[in-house]
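Structure record follows, encoded as structure tokens.
Where a number appears in this text, it was derived from the coordinates with a stated rule and is not lab data. Note that the structure is predicted; figures quoted are calculated from it, not measured. Cβ atoms come from the backbone with ideal geometry, glycine included; neighbour counts cover every protein chain shown.
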Amino acid sequence: MLEAFEAGVRAWLLPGVSAVSAVLATYIVFRLALALFRRFSESRTVLRLFLDAAAQALGVVFCLLALTGSLSVAPADLPLLSAVQLTTTLLLILAITWATVRLTSAIGDVIVALNPVLEGHWKRARKVETQTRFLVRALNILIVIIGFGAALMSFESVQHMGASLLASAGVGGLILGFAARPVLSNLLAGMQIALTQPFRIDDVLHVQGEWCWVEEVTATYVVVRVWDLRRLVIPLQWFIENPFQNWSRNTSDLLGAVFIWVDYTMPVEPLRQEFNRLLSESRLWDGKLATVQVTDASDQALQVRFLMSAADSTSNWDLRCAMREGLVTFIQEHYPAQLPRVRARLVDN
């Protein structure tokens, strides 16, 4: 047993040293070439973005290619040569898959970098970014599936199973499709959302009773940031099957309303003047709309609606709170007797 081991080590000595030398030489040349390219190239060019994203994976690919070439010229009677070659091939397939995924992800970064958020063009930039993120993630999933299948096909036992797998492909496809129905439905929903653009990254949505912003879009779900910094993770299929509000679909400006109940004896004109004064002093008002209307009347009080406009949802919320506080303070200080009240008649029997 010991003699056989020593014989195997002696047989592998020269091929092993050659293989290790080839891998080290390839790695050194790759690092030198990478350093020179980074030294004489700008940091935000297209080629630089691709190279920075996939540099580590490409280094592994080149080293494994050098190792594969060294093993291909090794003597055919080396012990365990086929096992080493199979392992190297498997690692090479996985490394190529890794590098392809990194390069594909860099496509998204390049497209986003080529379409920056400029003043007056934020809508187009967000649209391009959302579509790119969807398509890149879907493409990455497809690449991983193909790479995993190619890695499995490197084993002869799996290749021999090909005929039987093809024979049962119909039943197996039905079973697999039923089992993967949620994943596939979300992937198809992601493609539909990427093409139709019902929302984009950074859009303001009102989803499931929550006021939130689109923070992250993946191939199967969307992460939205709620106003209190909570995160909701919602499957893409939900957005296809359920209605939701998009407060920044075309523009970000919104109308906000404040409702105040007052007594029937309250004059409306002083409220209108005070409302206009408060708006003119507020930096949150965009100056487009200011309306005061009596919108309802019950048997006890009047409902006055104060309608105003703001540039975005956050400003709209803050403006509504400030106007409500200012108007209530005005009524308390100048018309305290006109606050809502319950009247009763005393009858002496």
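Spin-label point model (7 Å from Cα, Cβ direction): what's the Leu232 to Ala311 distance in nm?
Here the modelled spin labels are 2.7 nm apart.
What is the spin-label model distance, in nm, from Gln85 to Gln245 if the labels are put 7 Å beyond Cα along the C-beta direction?
6.8
What FRET efficiency would be calculated for the residue pair Gln197, Ala337, taking the C-beta separation as r and a Förster radius of 41 Å, to the nearest 0.05?
So, using R0 = 41 Å, E works out to roughly 0.15.
If each residue of separation counts as 0.36 nm, what is the full-extension length gain between Ile145 and Thr265 once their alpha-carbon separation is subtracted? Don't jump to the answer; show the numbers that get you there.
Numbers: separation 120, 0.36 × 120 = 43.20 nm, distance 7.36 nm.
Extending this stretch completely gives an extra 35.8 nm.
Let me make sure I get this right: for region 225-331, a, b and c are the square roots of the gyration tensor eigenvalues over alpha carbons, sorted descending. Under 1.5 in a/c it's rounded, otherwise prolate if a/b > b/c, else oblate. Which is it? Don't jump to the answer; show the numbers that get you there.
Numbers: a/c = 2.58, a/b = 1.84, b/c = 1.40.
It comes out prolate by the Cα gyration axes.
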